[in-house]
Structure formats: C-alpha cells, structure tokens
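Novice: My questions will all concern the structure given below.
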Amino acid sequence: MAAIDLRSDTITHPTDEMRRAMAAAEVGDDVFGEDPTINALQERAAEMLGQEAGLLTASGTMSNLIAALTWCSRGDEMVMGQEAHMFWNESGGPTALSGAQVRLVPNDANGKISAADVQAAVRDATNIHVPATTLVCLENTHNRCSGGVMTPQDTREVVDVAHAAGAAVHLDGARIFNAAVALEVPAAELTRDVDDVSFCLSKALSCPVGSVLCGSQDFITRARKWRKMVGGGMRQAGVLAAAGVVALDTMVERLADDHPNARRLAAGLANIDGLTVDPDSIHTNIVIFEVDREKVGDARQVIAALREDGVLVSHSREQSLRMVTHRHVTSDDVEEALSRVNATIRRLAASA
Ligand SMILES: *Cc1c(COP(=O)(O)O)cnc(C)c1O
C-alpha cells in the first residue's frame, strides 16, 4: 500500500521536462550576472508579477531574509501578522540578522491583516522614542491560516497605509500563484502594488530548489548584495533556474486541480466524528483541521497512527493537523486518503 503524502507541496518532484531542461541549460557565472538561464527566469518572473527585476535565491526563507535586510536596519521595526511564516518558521532570521524588531498585528481566519490594524501599528516618524516602521510584511496565500487568500483590494488597502507611513511592503508570496489561480486573476494583480514579492519554485510548482524575489531595479540591486553576504551567490545555478522556467510555463495553471482536491478533503474530514474543519474556508491547497483530544487522542499520536495506515500529514499547532494537496495527489488519492483517515480515526476513537 503506497502512502499518500499530504505533508506538504514541497515534496513534489521535478517533471521530466524540467529534468531535460536542467540537463540542457546554458549556464554562466551568476555572481558576474552571466548565467543566461537565471537571467531569463528572473525576467520572466518579474514580468509575471508586474515588477521590474528578479533575483533567484536558494529558498523562500532566504528571499524573506534578504527583503528584511534590504528594507530594515538595526533599531527599525517591521510589522507583520501574528501567524506570519516569517515570524514562526524562519528561525528568527528576519529580526535577528537585520537588527530590526517585529510588531505583530492580528491575522483573521483567512490570514488577512487589516489596514486599520496596520494603521494603528505604524510609528510616528517624528517621535525619537519609538522605532521607525520601515517595513510591512504580507503573506499570500497564508500558510498557517489554511491557505487563505488576500485579494488585490485587501493588498492595496494595506499598501496605501504602509506607504503613507513611509514603510515599504514585502509580500511573502511563497504560494502567490495559488492565490492568483484561486481568485482567477493574473498574479500581477496581487503583486504590482507591493514594493517586493518573493515566491517559491520548490512548492507546488514542483521545482527541486529555489525562490525568486522580485521588485524594482533599485531594490534588486541592493538585494543582490545582501544575497552575496548571506552566501546565496550560486554561480552556474542555471541548472536550477531551467526548472523554474519550465515551472512558470507549465505548472501554474494546473494548480487549479489542487484546490478542489483540498476542498473535497476538507468536506470529507468534516464528516468524520472527532475532526473539525469548515470546508467553505478552504480556498487553495492547504487544509488545517482540528482533532478532538477527548474523542480521538493527542494530535502527535494521530499523526503516527495515520502514518501506519498510509496517510502522511503534518502538525500545525496543538491539536491541529495539516494536509496539503499537490501534483502527486489525484482526486482518487483524495478519496482513498479519506477512507483511510476515517478508518484510523474510528479505531482511535474506539480505544480512546
Ligand atoms: C514555505 C514558505 C516559506 C519558506 O520557503 P522555503 O523555500 O521552505 O524556505 C516562506 N513563506 C511561506 C508563506 C511559506 O509557505
């Protein structure tokens, strides 16, 4: 019985077309700006996101770090949602390495942060007692908030408040193409108002490695130096960028398959006694659901039991588990996963 792996869309493997493109990639020394495949990827990504220029980095974490380093200096402040990936899952890098502190504002259930909350959080630039707000960070789709989506309007409202306060806006768009596909808008609608945006090639777009940070020519020039400082100048990395070019050509539209699969998963989970999720809150490829401790048991034990029964899921927080749909999960796999989960939960509930 093959396991159905719903832990993350990062587990996706490169396609045959990607592997062929990687093998054939024209390369050069990217620290000299001479890798034609990287340059092509960066231009293509920037164009798709309505920005002037792009920069290939090793990971989404590195892109977010470089954005923080580029916009923030020691003693500055960055505003972000209390559930932000940059706050929870990047080893403290954005604040530790930039020397700026973080100010958290609420995320709603869909991961949105409101313009009103950002307005209340930005600092008075004339007051010498307070840090300077130099950066506001958004996340779309929102990882810890069930893949929630911010619309172009939501984004613009926060950008307007940030800009009025003299702060730049960084968009952690690790899954920005999932948001664009879910909203049926070009990705640029979600990204052209922000000062920079990063997205991951290595998640549902199925590349083995990489992220692209996009912004103005001036921003990218400054970011390129920070990338060098953190060890991200990668020489003949055109072999990696080649997969990225194929991904932007072939992997974006197919994300539309993952979203109904996620919703179907959520609907099935909602029907299992002891599990709680609102299927209507699932808009992209991430399903976070609650496990009733009394009825079913501790979340970690549930993960272990599901693994034995051939369903791999990840832990989100406390009693929340996470499933992510991706290219290696078909609609038949979704049905099979639901029937396995149902059997596991019934067994655990009977012995609880
Ligand atoms: C995955 C993710 C990242 C980090 O990407 P890596 O490539 O794993 O470093 C950043 N932000 C969000 C929202 C993510 O989901």
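Novice: Per-residue accessible area for Trp71 at 1.4 Å probe radius, Å² rounded to 10?
Specialist: So the heavy atoms of Trp71 present about 50 Å² to solvent.
Novice: Net charge within 12 Å of Ala270 by Cβ-Cβ distance, Lys/Arg positive one each and Asp/Glu negative one each, not counting Ala270 itself?
Specialist: Computed value for this residue: -2.
Novice: Tell me, what is the per residue accessible area of the range 224-310 in Å², probe radius 1.4 Å?
Specialist: With all protein chains present, the range 224-310 gives 47 Å² per residue.
Novice: State the Kirkwood hydrodynamic radius of the range 125-200 in Å, one decimal place, computed from all pairs of distinct Cα atoms.
Specialist: Evaluated on the range 125-200, it is 12.9 Å.
Novice: Still on this structure, please answer the following. Roughly how many whole Å is it from the C-alpha centroid of the range 254-333 to that of the range 54-130?
Specialist: 29
Novice: As a check on your grasp of the helix formula, calculate [θ] at 222 nm for the chain: sum -39500 (n - 2.57) over DSSP H runs of n ≥ 4, divide by the residue count, round to the nearest 500.
Specialist: After summing the helix terms and dividing by residue count, I get -13000 deg cm²/dmol.
Novice: Note down the net charge around Arg227, summing +1 for each Lys or Arg and -1 for each Asp or Glu among other residues with Cβ under 14 Å from its Cβ.
Specialist: +2
Novice: Decide, for the chain, between rounded, prolate and oblate: order the square roots of the alpha carbon gyration tensor eigenvalues as a ≥ b ≥ c, take rounded if a/c falls under 1.5, and otherwise choose prolate if a/b is larger than b/c, else oblate.
Specialist: Oblate, since a/c reaches 1.5 and b/c is not below a/b.
Novice: While we're here: Can you pull the percent of the range 1-124's accessible area that's carbon plus sulfur, 1.4 Å probe, other chains left in place?
Specialist: Reported share for carbon and sulfur atoms: 49 percent.
Novice: If you don't mind, another one. Given a Förster distance of 25 Å, report the FRET efficiency between Val130 and Arg192 from their Cβ-Cβ distance, rounded to the nearest 0.05.
Specialist: 0.20
Novice: Rounded to the nearest 10 Å², what accessible area does Cys207 have for a 1.4 Å probe in the complete protein model?
Specialist: 0
Novice: Percent antiparallel among DSSP beta bridges with both residues in the chain, to the nearest 5?
Specialist: 55
Novice: Another question about this same structure. Using Cα pairs under 8 angstrom and six or more residues apart, how large is the relative contact order of the range 1-135, in percent?
Specialist: Rounded, it is 18 percent for the range 1-135.
Novice: Find the relative contact order for the chain and round it to a whole percent, using C-alpha pairs within less than 8 Å whose residues are 6+ positions apart.
Specialist: Relative CO of the chain lands at 24 percent.
Novice: At 1.4 Å probe size, with every protein chain present, just tell me what the per residue accessible area of the range 61-156 comes to in Å².
Specialist: Solvent-accessible surface per residue comes out at 40 Å².
Novice: Considering only protein heavy atoms, with the full assembly of protein chains and a 1.4 angstrom probe, order Ser59, Ser198, Ser331 by accessible area, largest first.
Specialist: Ser331, Ser59, Ser198
Novice: Taking the Cα centre of the range 164-209 as origin, sum charge times position over the Cβ atoms of Lys and Arg (+1) and Asp and Glu (-1), and report the length of that vector in debye to the nearest 20.
Specialist: 200
The values are calculated or read from the model by the stated rules, or taken from the named source; none is laboratory data. Since the model is a prediction, treat every value here as computed from it, not as a measurement. Note: ideal-geometry Cβ built from the backbone for every residue, glycine included; neighbour counts use all protein chains shown. Protein only, heavy atoms only, side chains kept; ligands, DNA and RNA dropped before computing areas. Shrake-Rupley method; radii C 1.70, N 1.55, O 1.52, S 1.80 Å.
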